[in-house]
1. Condition first: buried (at least 19 other Cβ atoms within 10 Å of the Cβ), more than 9 Å from chain A (Cβ to nearest Cβ) and in contact with a Gly (Cβ under 9 Å, 6 or more places away or on another chain). Now tell me which residues in the range B:21-57 satisfy that.
2. Name, by its number, the condition in (1) touching a Phe, Trp or Tyr at 6+ places or on another chain (Cβ under 7 Å); (2) open to solvent by less than 20 Å² (accessible area, probe 1.4 Å) that does not hold for B:ARG8.
3. Say we look at the range A:43-65 and pick out the residues that are touching a residue at least 40 places away in the same chain (Cβ under 8 Å) and open to solvent by 50 Å² or more (accessible area, probe 1.4 Å); which of these is nearest to the chain's Cα centre (by Cα)?
4. Which of the residues spanning the range B:11-20 are within 16 Å of A:PHE3 (Cβ to Cβ) and surrounded by 12 or more Cβ atoms within 10 Å (Cβ to Cβ)?
5. For the subset of the range A:45-72 comprising residues that are of a type in the set (Val, Ile, Thr) and touching a Cys at 6+ places or on another chain (Cβ under 8 Å), which member is nearest to A:LEU136 (Cα to Cα)?
6. Which of the residues that make up the range A:18-54 are more than 14 Å from chain B (Cβ to nearest Cβ) and within 17 Å of B:ALA38 (Cβ to Cβ)?
7. Within the range A:81-89, is even one residue closer than 22 Å to A:GLU21 by Cβ and surrounded by fewer than 17 Cβ atoms within 10 Å (Cβ to Cβ)?
8. Tell me which of these A:TRP15 doesn't satisfy, since it passes every other one: (1) in a helix (DSSP H, G or I); (2) open to solvent by 30 Å² or more (accessible area, probe 1.4 Å); (3) within 14 Å of chain B (Cβ to nearest Cβ).
Amino acid sequence: MGFEAHEYSAGKADWISAGWETWRAPDSPRQARDAMETDVATCAPEASVGQVAEMLERSKSVLIINSERVVLGRIRANQLEGAPEGAVAESLMRPGPVTVRPLEPLEPLLHRMKHANVTEMVVTSSEGVLLGVVRLT
Amino acid sequence: MSPRAVDRHEVRALLAQGAQLAEVLDKEEYDDEHLIDAVHLPLKALTAAGVEASGLDRAKPVIAYCWDGL
């Protein structure tokens, strides 16, 4: 038909899952991306216990992310107890926290979180890049 | 010649150079959400007449997309 044609084969789901902007109808069903907050405490894998402890004074948990903002793990205050001298975040973290994608339907997610007593759910792209967290208020 | 497959980073780069987006899903899905400035061009309308009616500019590249696989 005379066009230079390209095929974005990963499609709309890929674009949305990356957290990239789209046009949405105002009455579109709510998803995790609509409720997520971006003020998330994060640190590098090599952050010291002291640095993590300081962050935990202001936040219930700290997410460990690499240089590409891929989520590697999470640390809560009780995981610092008895930490050896010179320990770094990567050695103390609980690796691979449960995450959801931005497209996750919100109401069922909130219901599951409440049922499981989970107050904060990490939202990542399909490549594991941190986008935000959904918090139960 | 078959369309060239591109990832989302390439899509962004092409858009910056003036490429156009065409969503091939049905109207309900397009109306609910689409990539910004994408036109609606369902698969069944992929004819010369359908493309003409879509308003796409033949002088600019077109990037077609579906939900998660074309």
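The values are calculated or read from the model by the stated rules, or taken from the named source; none is laboratory data. All values reported here derive from a predicted model rather than from experimental measurement. All Cβ positions, even for glycine, are placed from backbone atoms using ideal geometry, and neighbour counts span all protein chains on display. SASA here: full protein model, heavy atoms, side chains in, ligands and nucleic acids out. Shrake-Rupley method; radii C 1.70, N 1.55, O 1.52, S 1.80 Å.
1. Answer for the range B:21-57, where residues must be buried (at least 19 other Cβ atoms within 10 Å of the Cβ), more than 9 Å from chain A (Cβ to nearest Cβ) and in contact with a Gly (Cβ under 9 Å, 6 or more places away or on another chain): just B:LEU41.
2. Every condition holds for B:ARG8 apart from (2).
3. A:LYS60
4. B:VAL11, B:LEU14, B:LEU15, B:ALA19, B:GLN20
5. Restricting attention to the range A:45-72, the residues satisfying the condition of being of a type in the set (Val, Ile, Thr) are A:49, A:52, A:62, A:64-65, A:70-71.
Now narrow it down to the ones that are touching a Cys at 6+ places or on another chain (Cβ under 8 Å): A:52, A:62, A:64-65.
Details: A:VAL52: 23, A:VAL62: 17, A:ILE64: 21, A:ILE65: 22 Å.
Among those residues, the one meeting the criterion is A:VAL62.
6. Restricting attention to the range A:18-54, the residues satisfying the condition of being more than 14 Å from chain B (Cβ to nearest Cβ) are A:32, A:35-54.
Across the range A:18-54, there are no qualifying residues.
7. Let us first name the residues in the range A:81-89 that are closer than 22 Å to A:GLU21 by Cβ, namely none.
No, the conditions are met nowhere in the range A:81-89.
8. Condition not satisfied by A:TRP15: (2).
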